Amino acid sequence: MVAALRRLRAAGRPIVFTVRAAADGGRPLDEGRRAALYRAALPHVDAIDAEIVSTALTVDLVPAARTARKLVILSAHALEATPPQDGLVSLLDHGFALGADVVKLAAHAASIDDLRTLLAVTLAARRRGIVTLAMGPFGPLSRVALPAAGSLLTYGHVGRPTAPGQMTVAELADLLDRLFPD
């Protein structure tokens with residue numbers, strides 16, 4: 001892993017590192033192994049992305065990232081449904097209270113109302129540092145609509161999707177270039 005990070009760094013690529021917990025869609029790894037991977041990666045990355053859930057990992061990782069002068073992204077993933085707006089705002093507030101520079105909220109959006117909920121949260125929090133994403137049927141539309149509303153970034157895949165509704169990087173870049181030519 002460190003060798004791969006060094007190659008990316010040498011190529012001048014910005015690196016956001018995450019070891020997603022199984023409950024949030026990652027591979028099943030114990031917390032000790034996840035912590036060791038973050039510690040090994042920290043000197044070689046620009047940012048870390050960990051779960052908002054207040055685990056010992058997050059509590060230890062945020063100060064270590066601060067000391068290393070790395071951007072801290074804290075995330076929450078609702079893989080089955082979009083939580084109500086007040087629930088998302090609560091997660092957002094909790095992420096910032098834990099020390100996040102940016103809070104990322106990803107939710108399964110099965111309807112236009114789900115996407116509206118994510119849009120409302122994005123618009124309300126866009127000056128705080130927010131990333132919002134939808135997975136599922138409204139995932140592709142969210143990859144354009146939410147950044148237009150103030151979400152700081154979006155994801156595309158290279159090879160195979162990491163979330164339902166995720167477009168390829170090439171498709172996403174082409175679409176964004178056509179919609180936002182400047």
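The values are calculated or read from the model by the stated rules, or taken from the named source; none is laboratory data. Note that the structure is a prediction, hence the values are computed from the model and not measured. Virtual Cβ from ideal backbone geometry, glycine too; neighbours counted across all protein chains shown.
For the range 157-176, the count of residues that are of a type in the set (D, E, K, R), assigned to a loop (DSSP other than H, G, I, E, B) and touching a strand residue (DSSP E or B) at 6+ places or on another chain (Cβ under 6 Å) is zero. For the range 114-151, a residue qualifies if it is in a loop (DSSP other than H, G, I, E, B) and among the small types (G, A, S), and the qualifying residues are G129, G136, G150, S151. Given the structure, is L115 touching a residue at least 24 places away in the same chain (Cβ under 8 Å), out of contact with any Asp or Glu (no Cβ under 6 Å at 6 or more places or on another chain) and not aromatic (F, W, Y)? It is true that L115 is touching a residue at least 24 places away in the same chain (Cβ under 8 Å), out of contact with any Asp or Glu (no Cβ under 6 Å at 6 or more places or on another chain) and not aromatic (F, W, Y). Does A100 satisfy being crowded, with 16+ Cβ neighbours inside 10 Å, under 26 Å from L175 (Cβ atoms) and either in contact (Cβ under 8 Å) with a residue 40 or more places away in the chain or among the small types (G, A, S) (or both)? Answer is no for this residue. Taken over the range 5-48, the criterion of being assigned to a helix (DSSP H, G or I), among the acidic types (D, E) and out of contact with any strand residue (DSSP E or B) (no Cβ under 7 Å at 6 or more places or on another chain) is satisfied by E31 alone. When restricted to residues that are part of a strand (DSSP E or B) and either hydrophobic (A, V, I, L, M, F, W, C) or on the phi > 0 side of the Ramachandran plot (or both), the range 75-84 contains 2. Checking the range 64-74 against the condition returns no match, with no residue being at pLDDT below 95, part of a loop (DSSP other than H, G, I, E, B) and not hydrophobic (A, V, I, L, M, F, W, C). Quick check on my filter: what residues within the range 36-57 are closer than 20 Å to D101 by Cα and of a type in the set (G, A, S)? Hits for the range 36-57 are A41, A47, A50, S54, A56. Within the range 117-135, if we keep just the residues that are over 15 Å from L74 (Cα atoms) and of a type in the set (A, V, I, L, M, F, W, C), the residue that is surrounded by the most Cβ atoms within 10 Å (Cβ to Cβ) turns out to be A134.
Every condition in (1) crowded, with 16+ Cβ neighbours inside 10 Å; (2) within 30 Å of A120 (Cα to Cα); (3) not hydrophobic (A, V, I, L, M, F, W, C) holds for P84 except the one numbered (1).
Within the range 1-28, being surrounded by fewer than 17 Cβ atoms within 10 Å (Cβ to Cβ), hydrophobic (A, V, I, L, M, F, W, C) and farther than 25 Å from A134 by Cα holds for M1, V2, A3, A4, L8, A10, A11. Give the residues of the range 85-113 that are part of a loop (DSSP other than H, G, I, E, B) and closer than 23 Å to A22 by Cα, sorted by residue number. Across the range 85-113, the qualifying residues are L98, G99, A100, A109, A110.
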